[in-house]
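No value in this document is a laboratory result; all are computed from the given coordinates. Note that the coordinates shown come from a computational prediction; the quantities given were computed from them, not determined experimentally. We place every Cβ from the backbone using ideal geometry, glycine too, and count neighbours over all the protein chains shown.
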Amino acid sequence: MELDERKKQILGAIIENYIETAEPVGSRTIAKLGDLNVSPATIRNEMADLEEMGLLVQPHASAGRIPSRLGYRVYVDKLMKHYELSNKEISKMKYFMELKINDIDNMVQEIANIYSKLTNYTVIGFSPGNNKCYIKNFHMVPIDENSALLIVVTNNNNVKNKKIALKNEMDMKAALRISNILNEKLVGLTVDKINLSKITEIQDEMKEHSEILMQILDFVNECIESLDDSEVFSKGLSNLLNFPEYSNVQKAKELLEFLDNRNNIQKAIALGENKKVKIIIGDENDVVELRDCSVILSPYKSGPNGYGIIGLIGPTRMNYSKAVSNIEFLTRHFEHLLPDEIGGGHDE
């Protein structure tokens, strides 16, 4: 999607003004900024074009425009300027982060708690434990026309089993096929890597027995969680209530309850497993409950092969530039605070 320079300026100005005020932005407001040197009428025409391109939305006939999810994406990818943290901001973050906490889980959570207060966003993430659990093998065995036995072996060589209720009778051939699908798609995955796209793949292949998939996944989660000592956390949940987007009590309650659940947080951070900051805007999120939010995720190194993730959750009207600079600084500096054997301790 190509935008000329004027459209880029107008789109950027609207988004930055909306981030600051949470109010729809009109042409007169943009004209008063003084950088464009064009009339409100010209700006209105450009805004209409941006709306037609799907980058702006007009919530009411008499209102100004607000950014769409696509508008935010274009802004983040092409228009957003790098936010330079001030010396005061850096000093404040370092002061709070440089705590003498020996236990890695407590250290991560304490810093996340402080970070939620500094940014006014909700902070989520996980700190790696010593025993990251995953399934090593699946085996499905029919019992009778109404049930089958699912047997799983974890990487810790623990064997667990569960009786699965069936709607359609399953013969040995079908049971072997399902076992093969589960082994192909899920073996070696930690619970945070079992995302919506992976579940959809399995559902498509299981066909007539796809209705038992949720029973299987619930059991997988149960097996992994009982043996996995990584720590999942959320801090500053009440920060969301400070934003006008969550003034609806029922909407806020549902989101807070969702984020108060370990499994849900694992779903939210599942997309953050790469080596750089990831920004997930609104309905880009596989997690339905987070499609009115934006999530910014950043991994940090923890040991030779381990990693943790810290993320921010806020409204789509998030100050992305400042949030990205903050979280990049946090994870980079946090690695230096970790003991050498955990993953940090290298020089600046």
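The angle between the Cα long axis of helix 196-206 and the longest principal axis of the Cα atoms of the chain comes to about 40 degrees, rounded to the nearest 10. Cross-link partners of Lys207 among lysines, defined as those whose alpha carbon lies under 29 angstrom from its own and excluding same-chain residues fewer than eight positions apart: Lys136, Lys160, Lys162, Lys163, Lys167, Lys173, Lys185, Lys193, Lys198, Lys267. Axis of helix 213-227 versus longest Cα principal axis of the chain: the two differ by about 90°, to the nearest ten degrees.
With +1 on each Lys and Arg Cβ and -1 on each Asp and Glu Cβ, and nothing else charged, work out how big the dipole of the chain is about its Cα centre, in Debye to the nearest 20. Mind showing how you got there, number by number?
Numbers: 41 positive and 51 negative charges, 121 e Å.
That gives the chain a dipole magnitude of about 580 debye.
Counting neighbouring beta carbons within 10 Å and listing from fewest to most, the residues Val159, Val277 come out as Val159, Val277.
Contour minus end-to-end for Asn183 and Ala41, with contour as 0.36 nm per residue of separation and end-to-end as the Cα-Cα distance?
Contour length minus Cα-Cα distance gives 45.0 nm.
With contacts taken as Cα pairs under 8 Å at a separation of at least 6 residues, the chain carries a relative contact order of 17 percent. Placing +1 on each Lys and Arg Cβ and -1 on each Asp and Glu Cβ, with no other charges, gives segment 10-124 a dipole about its Cα centre of roughly 200 debye. The H on the amide N of Tyr83, modeled in the peptide plane, is under 5 Å from the matching H of Ser325, each at least 5 residues off or on a different chain.
Give the separation of the Cα centroids, segment 1-34 to segment 153-183, in Å. The two parts, judged by their Cα centres, are 55 Å apart. Restricted to Cα atoms, the chain shows a radius of gyration and a Dmax of 23.8, 77 angstrom. Any idea what angle helix 172-186 forms with the longest principal axis of the chain, computed on alpha-carbon atoms, 0 to 90 degrees, nearest 10? Taking the Cα atoms of the chain, the angle to 172-186 is about 40 degrees. Label sites at Lys173 and Lys198, each approximated as a point 7 angstrom past Cα along Cα to Cβ, lie 3.0 nm apart.
Using a cut-off of 27 Å between alpha-carbon atoms, which lysines can reach Lys92, once sequence neighbours fewer than 8 places away in the same chain are excluded? Cα-Cα hits under 27 Å: Lys81, Lys100, Lys117, Lys235, Lys275, Lys276, Lys278, Lys301, Lys322. Each of Asn183, Leu196, Ser39 was scored by the projection of its Cα onto the charge dipole of the chain, and the greatest displacement toward the positive side belongs to Ser39; charges sit on the C-beta of Lys, Arg, Asp and Glu.
Here Ser210 and Lys136 are evaluated by their C-beta separation; at R0 = 25 Å the FRET efficiency comes out at 0.55.
Placing dummy labels 7 Å off each Cα toward the beta-carbon, the span from Gln58 to Asp292 is 2.5 nm. Placing unit charges on the Cβ atoms only, positive for Lys and Arg and negative for Asp and Glu, gives segment 28-94 a dipole magnitude near 380 debye about its Cα centre.
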